[in-house]
Amino acid sequence: MPVKWKIFFVLNFILALPAFVALLFSIINFSNSYRTSEDNFFFALFIFGLLMITVNGFLNIYVIQRFFPDKILPVSIKRLNIISLVINFIITAGLLILCIYAATVEFKHGNEGRDNSGKIALMIISIGWLVHFIILILQVQLPTLIIRNNREKINSLINSIGNSA
């Protein structure tokens with residue numbers, strides 16, 4: 001497996017496992033506290049985002065382990081990959097908006113004396129956004145590469161049969 005796809009594999013673990021743990025802790029924390037309907041809406045968005053990041057990561061891990069480098073992708077996996085990709089691009093756009101908003105709040109004038117916890121949280125969210133964006137870019141390339149490798153394998157098999165006859 002080329003280094004690029006090993007990095008893709010590892011980045012999916014790096015993003016999916018913490019998202020899954022955060023998802024579990026968030027659900028447990030939410031069930032133990034009272035919230036307003038507005039809090040419920042934002043919590044549902046947060047849970048949905050974590051769930052989709054987790055599902056996308058584990059789907060990518062499954063695809064790369066099961067079908068890479070040249071096994072044909074079933075139609076159901078292709079569809080699931082496309083749906084997950086679109087939803088996760090929307091989540092990535094939302095995370096980017098969150099990062100920009102948080103940066104404007106955190107770095108506005110008059111906040112110099114505050115603690116650095118907001119800046120640390122912003123840095124973690126920004127790194128998570130960057131990793132997620134890299135994963136999505138590679139995820140776009142993966143099915144095309146698998147299909148091309150499969151086609152090349154079939155062509156070489158056909159050529160080897162024709163040459164031996």
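The values are calculated or read from the model by the stated rules, or taken from the named source; none is laboratory data. Predicted model, so just to flag it, every value in this text is computed and none were measured. All Cβ positions, glycine included, derive from the backbone under ideal geometry; neighbour counts span all protein chains shown. Quick note on the areas: whole protein, heavy atoms, side chains included, nothing else; ligands and nucleic acids left out. Shrake-Rupley method; radii C 1.70, N 1.55, O 1.52, S 1.80 Å.
Summary table
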item: Number of positions in the stretch 67-79 that are in a helix (DSSP H, G or I) and either under 18 Å from the mean Cα position of the chain (by Cα) or surrounded by 15 or more Cβ atoms within 10 Å (Cβ to Cβ) (or both); result: 3
item: Checking Phe30 against (1) at pLDDT below 85; (2) within 23 Å of Glu152 (Cβ to Cβ), the condition it does not meet; result: (2)
item: Residues of the stretch 34-66 that turn out to be crowded, with 17+ Cβ neighbours inside 10 Å and among the β-branched types (Val, Ile, Thr), as a count; result: 5
item: Some residue of the stretch 97-112 being of a type in the set (D, E, K, R), modelled with pLDDT under 95 and surrounded by 14 or more Cβ atoms within 10 Å (Cβ to Cβ); result: yes
item: Some residue of the stretch 20-28 being touching a residue at least 12 places away in the same chain (Cβ under 8 Å), open to solvent by 80 Å² or more (accessible area, probe 1.4 Å), within 13 Å of Pro143 (Cβ to Cβ) and within 14 Å of the chain's Cα centre (by Cα); result: no
item: Hey, Ile158 closer than 27 Å to Ile14 by Cβ and either in a helix (DSSP H, G or I) or modelled with pLDDT of 85 or more (or both) or not; result: no
